[in-house]
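One structure is given below, encoded as structure tokens.
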Amino acid sequence: MGACFSDMEGGKQGVGGLGEAANAQNDAVDFFYRSQGFHQMFTQVELSLSASSLVDRDIASKSDPMVVVFAKKRDGKCEELGRTEVIMNCLNPVWIEKISVAFQFEIVQPLEFHVYDIDTKYHGVPTKTLKLGDQDFLGMASCTLSEIVTKPSRRLTLRLQNKSGNGGLRNLGAITVHAEETVASRSVVEMVLRCSRLDNKDVFSKSDPFLRISRMVESGGYIPICKTEVINDNLNPKWRPVYLGGHKFGSKENPLLIECFDFNSSGDHVLIGKMQKSVADLEKLYKERTGANFVISSKSDRKEKVLKGQLFVDQYCEKERLSFIDYISNGFELNFMVAVDFTASNGNPQLSDSLHYIDPHGRLNSYQKAIMEVGEVIQFYDSDKRFPAWGFGGKIPGGTISHCFNLNGSPGGSEVAGVEGIMNAYGSALRSVTLSGPTLFGPVINMTAQIAGQSLTSHNHTMYYVLLIITDGVVTDLQETINALVKASDLPLSILIVGVGNADFTSMEVLDADNGRRLESSTGRLATRDIVQFVSMREVQSGQVSVVQALLEELPEQFLSFMRSRDVKPQPRASNFPQASTSTMQ
């Protein structure tokens, strides 16, 4: 990985599926993905569909229903995801054909379900070739994928409506959607790998070997998915267990590139040997108790030379892991919190060049965009949708400069109702709070840490907190902020920081441990885990990824790393569906 591992301590650590955090965030690999333009990892789910009390459009028999599932894009256009089979003469169908969709936590994924009665003359025709305009429309329903996966049993029933958005006087029936993760998304392969008789690449000592495993992509290149730790001065190394998630390698037959390097502190690691093996091949090596020889390309004739060094698989087993969806569908919640920068560097809110300017025509400023976009995603994972909201760096009524004041102006509590409540409190605060300074994060982080700490006993580990800090400048109390973050790293808390405006945020990136180095407090204590994600809105907007995607892509793994560190597991709860309203049955 070149200079990615140039730091001696950080570089010798394994990344990507090692140790107890079998699927912990792999910053080095994820950076490679983003820099190469590849999409973030996702969880593949399958949607199972059934319906009840459908309208009968046929005269001599019952309707022959089929469902078409669409993903609604941000521009309003619909992209077809798939179609079920046609079920003959049935008003209460249970379709067998599943619809596959990638669940991405960091974006809102609206879905539409259109039910059609397929005309008799098209029976036997492949469903993919059917022209929907030639079929009778029975009804449609819509929801987001988040609404489905957060329900008990991951099941949601929706009333069917006509295309105008209502059912009229007639009952059009209902459709039920059930989401289930695919086996590949849930499976984990655990292996203990060792090598023997490796070539020595060092002059005065033995090689310091590590393995890097990459998977092939359609373009023919390779993307790294795992790296073992470095074992010093050893030509017969045995590494700690490696955990490969099925979502990373896909099919067990997919080719993987396994490379063995001699570690160099300069980052210029020397290739000892390589081989191409699938997970199925590695399983076979384990069962047959045999090794596989490394090869290396000859510089002279470009042929591959077979080396005496071999790779062995000492242990191999396949497991199922608990996923983010397992937790959120069994009562675990994300509690959204916001802190807004009220320092004077934002500019006079009355002037149009201010970062806090409220446009009378409804155009959102950067603070409003961040609140809306992040809140829009996280609100689905909070049942009561009451969000604490604070300001910092402002002079509140009475003349006191506060670095953690309630955004709603109430002395009794910081919570507001929904994302709209945050937006209203923010607008109101701009009229009553004078911008001041300096930029201090410590008080707000300590406040959220106190709330998160109290929840460990009152909510039985089922609540996880997400603090969004929006700021226009570099933090003044950097060491105090680091101390607060290190202390909070043991708590059910993640902190998202958005930098707005044109300030140089380079020094802020130290708070986001994406370089693989954990934060260290002034007393020498290391952070238990990375809980911060920093994004400069200016830099993100110039790329292809939205601010909310860049902010939230690490959140599910931060959530899982905390739950695994505390050995917290979801307890399945019984489904309970009250009678439906006119739109949904939940």
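Worth pointing out:
- Note on the chain: dipole from Cβ charges, positive end direction compared against Phe249, Leu468, Ser428; the farthest Cα belongs to Phe249.
- Each principal axis of the Cα cloud of the stretch 43-182 was evaluated for its coordinate range; sorted largest first, these ranges are 48, 34, 31 Å.
- Taking a sphere under 11 Å around the Cβ of Lys62 and counting the other residues whose Cβ falls inside, with K and R at +1 and D and E at -1, yields a net charge of -3.
- Members of Lys201/Lys238; Lys385/Lys487; Lys248/Lys305; Lys238/Lys299; Lys77/Lys151; Lys252/Lys284 lying beyond 20 Å, as alpha-carbon distances in this model show: Lys385/Lys487; Lys248/Lys305; Lys238/Lys299; Lys77/Lys151
- Listed residue (Ser266, Phe204, Val295) projecting farthest to the positive dipole end of the stretch 187-320, Cβ model: Val295
- Ordered by solvent-accessible area of protein heavy atoms (1.4 Å probe), largest first, the residues Glu190, Glu480 come out as Glu480, Glu190.
- In this simple spin-label model, placing a label point 7 Å from the Cα along the Cα-to-Cβ direction at both Arg170 and Thr290 gives a separation of 6.8 nm.
- The residues neighbouring Gln315, those whose beta-carbon lies less than 15 Å from its own, together hold a net charge of +2 under the Lys/Arg +1, Asp/Glu -1 convention.
- Solvent exposure of the chain amounts to 46 Å² per residue of accessible area, where only protein heavy atoms count and the probe is 1.4 Å.
- Probe 1.4 Å, all protein chains present, accessible-area order of Ser565, Ser297, largest first: Ser565, Ser297
- Each Cα pair under 8 Å and six or more residues apart adds its separation to the average, and for the chain the resulting relative contact order is 13 percent.
- Near the amide H of Val270, within less than 5 Å, lie the amide hydrogens of Asp262, Asn264, all on another chain or at least 5 residues away, with H placed in the peptide plane.
- A simple spin-label model places the labels of Glu509 and Ser196 4.5 nm from each other, with each point 7 Å out along Cα-to-Cβ.
- Cβ-based charge dipole, the chain, positive-most Cα from Met66, Ile497, Leu81: Met66
- Rounded to the nearest 500, the helix-only mean residue ellipticity at 222 nm of the chain stands at -5500 deg cm²/dmol, with each DSSP H run of n ≥ 4 adding -39,500 (n - 2.57).
- Evaluated at q = 0.08, 0.13, 0.17 Å⁻¹: base-10 log I(q)/I(0), Debye formula over Cα of the stretch 332-566: -0.26, -0.73, -1.33
- Taking only protein heavy atoms and a 1.4 Å probe, the accessible area of the stretch 332-566 is 49% carbon and sulfur.
- Charge dipole (Cα centre; +1 on Lys/Arg Cβ, -1 on Asp/Glu Cβ; no other charges) of the chain amounts to roughly 1000 debye.
- Volume of the Cα convex hull of the chain, divided per residue and given in Å³: 197
- Rolling a 1.4 Å probe over the protein heavy atoms of the stretch 187-320, with every protein chain left in place, gives an accessible area that is 44 percent carbon and sulfur.
- Taking other residues whose beta carbon is less than 10 angstrom from the beta carbon of Ser207, and scoring Lys, Arg as +1 and Asp, Glu as -1, yields -3.
- Packing, as the average of other Cβ atoms within 10 Å across residues, places the peptides 410-420, 58-68 in the order 58-68, 410-420, highest first.
- Aspartates and glutamates whose Cα lies under 20 Å from that of Lys308, excluding same-chain neighbours fewer than 8 positions away: Asp199, Asp202, Asp208, Asp233, Glu259, Asp262, Asp281, Glu288
- For Asp56, the accessible area of its heavy atoms, probed at 1.4 Å with every protein chain present, is near 60 square angstrom.
- Kirkwood Rh, Cα atoms: Rg over Rh of the stretch 187-320: 0.96
The values are calculated or read from the model by the stated rules, or taken from the named source; none is laboratory data. Just so we're clear, the structure is a prediction, and the values are computed from it rather than from any experiment. We place every Cβ from the backbone using ideal geometry, glycine too, and count neighbours over all the protein chains shown. Calculation scope for accessible area: heavy atoms of the full protein, side chains included, ligands and nucleic acids excluded. Shrake-Rupley method; radii C 1.70, N 1.55, O 1.52, S 1.80 Å.
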